[in-house]
1. With a/c under 1.5 counting as rounded, go ahead and sort segment 253-296 into rounded, prolate or oblate using the C-alpha gyration tensor (a ≥ b ≥ c being the square roots of the eigenvalues; past the cut-off, prolate if a/b is larger than b/c, else oblate).
2. Leaving ligands, DNA and RNA out of it, report the carbon-plus-sulfur percent of the accessible area of segment 1-106 at a 1.4 Å probe.
3. Pairs of Cα atoms under 8 Å, at least six residues apart: use those to get the relative contact order of segment 156-260, whole percent.
4. What share of the DSSP beta bridges in the chain is antiparallel, in percent to the nearest 5?
5. Leaving out ligands and nucleic acids, and using a 1.4 Å probe, what accessible area per residue does the chain come to in Å²?
6. Under the rule of at least 5 residues apart or a separate chain, name every residue whose amide H is placed under 5 Å from the amide H of I233.
7. Please list, ordered by chain and number, the residues whose modelled amide H lies under 5 Å from the amide H of L5; skip anything fewer than 5 residues away on the same chain.
8. Amide H to amide H under 5 Å from I221: which residues, 5+ apart in sequence or cross-chain, H placed 1.01 Å off N in plane?
Amino acid sequence: MAHYLKPGISVEIAAANSREVQQTVENILADIGQRGDAAVRELSEKFDKWSPASFRLSEEEIQACVDSLPEDVIKDIEFAQTQVRRFAEIQKASLRDVEEETLPGVTLGHKNIPVNSVGCYVPGGKYPLVASAHMSVLTAKVAGVKRVIACAPPFNGKPSPAIVAAMHMAGADEIYCFGGVQAVGAMALGTESIAPVDMIVGPGNAFVAEAKRQLFGRVGIDLFAGPTETLVIADDEGCDPELAAADLLGQAEHGYNSPAVLLTNSEEFAKQTLVEIERQLTILPTADVASKAWADYGQIIVCDSYEEMVQVADDIASEHVQVMTRDPEYFLQNMTNYGALFLGRETNVSYGDKVIGTNHTLPTMKAARYTGGLWVGKFIKTCTYQRVTPEASLMVGEYCSRLCALEGFAGHKEQADIRVRRYKEQFGK
């Protein structure tokens, strides 16, 4: 039976934190809805100490950001974007329009239509998350979205040159420098200076994730992508404590509330990893953040078997799942709830986050139970249509009339009956 060698924060504390975030976001969105640009400027000044003449960057400002970067940085961004674009194009090719005659005279089909406008949020207040620009902006453009706007907060008191360059190179049509709930709210609701979009995508902290949750319905969203989560599934045959510790802390550094969980079938391995985590925290440059996340949200769970590990992993439904066991394929074949899998010790979450080509905007907070991550298909609406001959309308209409009567829908029934009467007269029946 699974047992916790190290438990995480209590459910009660997590729930209290969630309620506080919810109320804060609700107030901010209401303010943006009422006061538009004025509210956005006040919030930016309050949270980011940032109040430029215009939050939208001009072409000259964008080019200045690009020009300020060393050539090797530009080449690295180009390499990463090539990988993301390549996989996104492969995914898009898997989608196809269909049209079939399902009955004589009845033609049904669907078309894959890109969303018209998308707002991409790129986190960047603590770390300049350049990769998020590739994952959202570039993927939306591959999908065929006409208008893609992108927002990121200032970094060290100014627009992050690397983020701006990545947005521009990915194809963003408008680039803004402001962040947090005010950015998400402005893109979704619109202001005097920003036309609203149809969909909001991108990861963020707990406040950004809550803003997307509250805005869903007024606009579409990709998924709930809140604080980063990682689950390392390991045993002493496929992994070692040093590697497991590095991969746990590598994600814990995202933020104070980023869950990092070790799931293993070896208590001795678990204890050794716990010791190794403490050692690495003494030398990790970002230990101030990672140690807080590990202390409050880190967990170590010991199971009796692979089967039990799969059950626990599916219940956790983590955003990232690294599998470093004797048989990683077992987990690929049997797990059902995860954002992305990283199979074997040779790969890791950082590859997926930054460069390898799969999208790093992934479901958190157990959303992996019902959705996968961001991909080309998230930006595309699959819309059905039908085309019917008069003869087929007569036949289908008689069935429809009886089924409408069964449900008591008189108006629906007449829609069928009027066609039945007309086509019976036309065909002399």
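1. Details: a/c = 3.23, a/b = 1.55, b/c = 2.09.
Oblate is the answer for segment 253-296, as a/c is 1.5 or above yet b/c matches or exceeds a/b.
2. On the way: 3820 of 7170 Å².
Answer for segment 1-106: carbon and sulfur cover 53 percent of the accessible area.
3. Details: 103 pairs, mean separation 19.1, N = 105.
It rounds to 18 percent for segment 156-260.
4. Values: 19 of 52 bridges.
Antiparallel: roughly 35 percent of the beta bridges in the chain.
5. Working: 20570 Å² over 429 residues.
That works out to 48 Å² for each residue.
6. Hits under the 5 Å cutoff: L263, Q322, V323, M324.
7. Sorted by chain and number, the residues that satisfy this are I300, I301, V302.
8. Sorted by chain and number, the residues that satisfy this are I200.
The values are calculated or read from the model by the stated rules, or taken from the named source; none is laboratory data. Note that the structure is a prediction, hence the values are computed from the model and not measured. Surface accessibility is based on the protein's heavy atoms, side chains included, excluding ligands, DNA and RNA. Shrake-Rupley method; radii C 1.70, N 1.55, O 1.52, S 1.80 Å.
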